[in-house]
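Here is the structure we will look at, set down as structure tokens.
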Amino acid sequence: MEIFYRSLADIKWEKSTKARVASGANPKTEWKHLIDNKICGSEGVSVGYGKIPIGEYLPLHTHTPQEIYFVTKGTGILSMDGDKTQNLGSGDTVYIPGKKRHGITNTGNVDFEYLFIFMVNNWSDVKYDFQ
Ligand SMILES: [Zn+2]
């Protein structure tokens, strides 16, 4: 397999489908799909770059696979299990065990941006439950 490279600037922002919004996703959050099996043939890892605009939030949700966040820009509040919270800023890392409820609210005056990493072949295999 070849080493894969792509510049963040060359990847288009994506938004939730109507069906995903109907299931509880915020239509204003966006992401860039960086690495997964469908993109570059990688196995067991999927990486995306998320953006939560000023004043917006990533709704509370769960999924079976564990997840890692790495904050690259902005400030926000991480909601954990629906009651506990943690302030987040650039450079912060978060590990979320599978099935743990979590969400992020942008509390700053710039977009909140972060890397999200799953140990799955393809991000499309991760089923989000926005309950
Ligand atoms: Zn998540």
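Here, each number is a calculation from the coordinates, and none is a lab measurement. Please read all numbers here as calculations on a predicted model, not as lab measurements. All Cβ positions, even for glycine, are placed from backbone atoms using ideal geometry, and neighbour counts span all protein chains on display.
State yes or no: is I54 in contact (Cβ under 8 Å) with a residue 24 or more places away in the chain, more than 25 Å from P97 (Cα to Cα) and among the β-branched types (V, I, T)? Considered against the rule, which asks whether it is in contact (Cβ under 8 Å) with a residue 24 or more places away in the chain, more than 25 Å from P97 (Cα to Cα) and among the β-branched types (V, I, T), I54 comes out as yes. Against the list (1) within 13 Å of the ligand (Cβ to nearest atom); (2) exposed (fewer than 13 other Cβ atoms within 10 Å of the Cβ), the condition A9 fails is (1). Count of region 40-91 residues, restricted to those that are more than 15 Å from the ligand (Cβ to nearest atom), in a loop (DSSP other than H, G, I, E, B) and either at negative phi or surrounded by 13 or more Cβ atoms within 10 Å (Cβ to Cβ) (or both), is 9. Q66 meets all of the listed conditions (1) farther than 18 Å from L8 by Cβ; (2) more than 14 Å from the chain's Cα centre (by Cα) but one, namely (2). What about D111, is it surrounded by fewer than 16 Cβ atoms within 10 Å (Cβ to Cβ) and either within 27 Å of A19 (Cβ to Cβ) or in contact (Cβ under 8 Å) with a residue 12 or more places away in the chain (or both)? Yes, satisfied. Of the residues making up region 102-131, those that are more than 19 Å from V71 (Cβ to Cβ) and assigned to a loop (DSSP other than H, G, I, E, B) are M119, V120, N121, N122, V126, K127, Y128, F130, Q131.
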